[in-house]
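Reviewing the structure listed below.
The values are calculated or read from the model by the stated rules, or taken from the named source; none is laboratory data. Nothing here was measured: the structure is a model prediction, and the numbers come from that model. We place every Cβ from the backbone using ideal geometry, glycine too, and count neighbours over all the protein chains shown.
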Amino acid sequence: MTAPSPAVRDSFWYVGVVLAALALVAHAALYDFISDDAFITLRYARNWIDGQGIVFNAGEYVEGYTSFLWLVALSGQGALGLDLLTAARAEGLACGLALVVLTGHWARRWHNGRRPMSLLAPLLVATNSSVAAYSLAGLETMLFSLLVLATLYAAWREEEVASSFPWSAGFGLLAALARPEGLAVVLVIGFFKARRMVQSRRDGSFRALAGWGAVIALGLGAHELWRLAYYGAPLPNTFYAKSGGGLAQAGRGLLYTYHFLLDHGSLFTIALAAAAWMDKPQRRAVRLLTAAVLALTLAVVLEGGDGLPMYRFFVPILAPLALLLQGGLAASTGVLSAGATGMRPSTASLVSGLAALGLVAVNADRPRLGAYYESYQYQQEVEVPAWTAVGQWLNAHAPPGSSFAAVPIGAVAYYSGLRAIDMLGLTDAHIARRTMPEMGRGWAGHEKHDGPYVLGRRSTFLLLGNINVTPQPAEGGIQYLNQNVFEREQDLLRQPEFRAQYRLQTVSLDSLGYLNFYLLAGTELR
């Protein structure tokens, strides 16, 4: 039987990538997740479009978003008249699809288009549960993941073809502007380029490396100068709000990493990926991908993990891991079919194929450890719809000039349009810079607080208890079912001014239940 022609093989490959992309669309629609944190950036974008500046509250210059590039992209679409939430979700899905295609493209080059195995990597990305959850979440996660892979691919191609144009510098700069962790990828590539320069000692190598570094340094330097001039701080406010836990915070990050490795079957992935080191022609790519995965993982550990569901912080390493796994299985197939094992090449390919399908199934499965899936489920089905309704109710009933204090603040602030005090400090400079003795031991990203300060701001509405929406009206006070939330708000509850200035109120949100909140004494609702 004659082998398929190159044109036929190409057709099969394109069909496979299209099917993988369709799998991602279907999987993302199944999760249909919107993160409350997405509304923080949307509010910044809305205020910018409305001429109030890049601020969360008018007149308060605090950098409370995590992705400057995502903010710029959404603001541009909003300025064209597009609905911001729809634009954020559509752009996230588009980036997810581009990630699948780029993963497939790199995988095909890895095998020179000759192996069906080249479809494994894009399929792993498309069917991964975390990728599916965050493709429609409205966050910058998929944009950052795409830029990470594009930066690594550009760096690999620059070495393969000795390209003189520093594409990896441009993509690396964009990755660093998409999320701070992008700098880790830039440093990895810079290390490999410097190492290559020392080894080759070619004329012009130093100038090429200097030019590559200049692109990134000038871009990030310009952004830093703008940040200092606009916000008056050298680092984003989110850094101050989430840092300060030291070893305890890193320990929590290690636990987060351990759960991810078990949930996504990545212990097996890493073991198989190690076999890719035997694939000598691709050893340079393997080293680059491995170093990037380790650098991004270290960044996650130092950040202390994440308080959002479905392993958001590890989505950017999934495509590099998928490529490593594919390389490992391909190399393993060669080892199994070697004379020492006595296994036929067709049998070895079948064994590797079955292993690949098993890993696809593991990666597609929902997280089983901790509350990573249950938290997603509760936010998707209960919390975000309720918080959206609360914001809309405040927009309709709050008197002019009102403000509120709450955790979380995303959807409520976006839909209400009211001045908001973030009790976690993400958009509040005072709370963000507090020193918390127990930092690093609680819920990641949800630890800092200052009850007396919040009371001193005299918000019209105190939306305590994680914005308390219940099936029945609260009686005698909000009942705390989450210990982390109670510990965060108890310093406010025990202040004498709280009981003197605020009264418990309950209003109906129709089928969603009842909103229980504290209203500043003397306030008349509309």
Report task. Please find, within the stretch 371-390, the residue that is nearest to the chain's Cα centre (by Cα) out of those that are among the small types (G, A, S) and buried (at least 16 other Cβ atoms within 10 Å of the Cβ). Result -> S375
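Which residues, taken from the stretch 125-184, are part of a loop (DSSP other than H, G, I, E, B) and of a type in the set (D, E)?
As a first pass, look at the stretch 125-184 and keep what is part of a loop (DSSP other than H, G, I, E, B): 128, 136-140, 162-166, 179-181.
Within the stretch 125-184, E140, E181 meet the criteria.
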**Report entry** Hits in the stretch 362-375 (condition: modelled with pLDDT of 75 or more and among the aliphatic types (A, V, I, L, M))
**Finding:** A364, L369, A371
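Filter the stretch 391-406 for residues that are aliphatic (A, V, I, L, M) and surrounded by fewer than 21 Cβ atoms within 10 Å (Cβ to Cβ) and give the result.
Kept after step one, since they are aliphatic (A, V, I, L, M), are these residues of the stretch 391-406: 394, 396, 398, 405-406.
Listed by number, the residues that qualify are A396, A398.
Every residue, every condition in (1) of a type in the set (V, I, T); (2) at pLDDT below 95, yes or no:
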site: A3; (1), (2): no, yes
site: V8; (1), (2): yes, yes
site: A21; (1), (2): no, yes
site: A28; (1), (2): no, no
site: L42; (1), (2): no, no
site: A45; (1), (2): no, no
site: D50; (1), (2): no, no
site: G53; (1), (2): no, no
Query raised in the report: Can you find even one residue in the stretch 42-64 that is more than 22 Å from S402 (Cα to Cα) and part of a loop (DSSP other than H, G, I, E, B)?
Result: yes
**Report entry** Flag for R458 being under 30 Å from Y231 (Cβ atoms), surrounded by fewer than 16 Cβ atoms within 10 Å (Cβ to Cβ), within 31 Å of the chain's Cα centre (by Cα) and at pLDDT 90 or above
**Finding:** no
Requested in this report: Would you confirm whether any residue within the stretch 408-416 is within 20 Å of the chain's Cα centre (by Cα), of a type in the set (A, V, I, L, M, F, W, C) and part of a helix (DSSP H, G or I)?
Outcome: yes
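Would you please name the residue that is modelled with the lowest pLDDT, looking only at residues in the stretch 233-249 that are closer than 10 Å to E303 by Cβ and touching a Gly at 6+ places or on another chain (Cβ under 6 Å)?
Here is the first cut: in the stretch 233-249, the residues closer than 10 Å to E303 by Cβ are 239, 242-243, 245, 249.
Next, from what is left, pick out any that are touching a Gly at 6+ places or on another chain (Cβ under 6 Å): 242, 245, 249.
Details: K242: 91, G245: 83, Q249: 92.
Checking each candidate, the answer is G245.
Can you pull out the residues in the stretch 229-242 that are surrounded by 12 or more Cβ atoms within 10 Å (Cβ to Cβ), part of a helix (DSSP H, G or I) and not basic (K, R)? Write out each step before concluding.
Residues of the stretch 229-242 that are surrounded by 12 or more Cβ atoms within 10 Å (Cβ to Cβ), as a first pass: 230-231, 233, 235-242.
Add one more test, that the residue is part of a helix (DSSP H, G or I), and what stays is 230-231, 237-242.
Scanning the stretch 229-242 gives Y230, Y231, N237, T238, F239, Y240, A241.
Just for the stretch 155-197: of the residues that are hydroxyl-bearing (S, T, Y) and over 21 Å from P316 (Cβ atoms), which one is surrounded by the most Cβ atoms within 10 Å (Cβ to Cβ)? Show your work before the answer.
Initial filter on the stretch 155-197 (hydroxyl-bearing (S, T, Y)): 163-164, 168.
Keeping just the survivors that are over 21 Å from P316 (Cβ atoms) gives 163-164.
Numbers: S163: 14, S164: 9.
Only one residue fits best here, namely S163.
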**Report entry** All positions within the stretch 282-317 that are closer than 17 Å to L255 by Cα and free of Cβ contacts under 8 Å to residues at least 24 places away in the same chain
**Finding:** L294
Query - Conditions (1) in a strand (DSSP E or B); (2) over 26 Å from the mean Cα position of the chain (by Cα); number of the one not met by A405 - result: (2)
Query raised in the report: Among the residues of the stretch 423-452 satisfying the criterion of being of a type in the set (V, I, T) and crowded, with 19+ Cβ neighbours inside 10 Å, which is farthest from L247 (Cα to Cα)?
Result: T427
Requested in this report: Write out, first by first residue and then by second, each pair whose Cβ atoms fall under 6 Å of each other, whose residues are 6+ apart or on separate chains, and whose first residue, in the stretch 459-476, is touching a residue at least 60 places away in the same chain (Cβ under 8 Å) and aromatic (F, W, Y) while the second is surrounded by 14 or more Cβ atoms within 10 Å (Cβ to Cβ) and assigned to a loop (DSSP other than H, G, I, E, B).
Outcome: none
Query raised in the report: Any residue in the stretch 198-207 that is surrounded by 15 or more Cβ atoms within 10 Å (Cβ to Cβ) and not small (G, A, S)?
Result: no
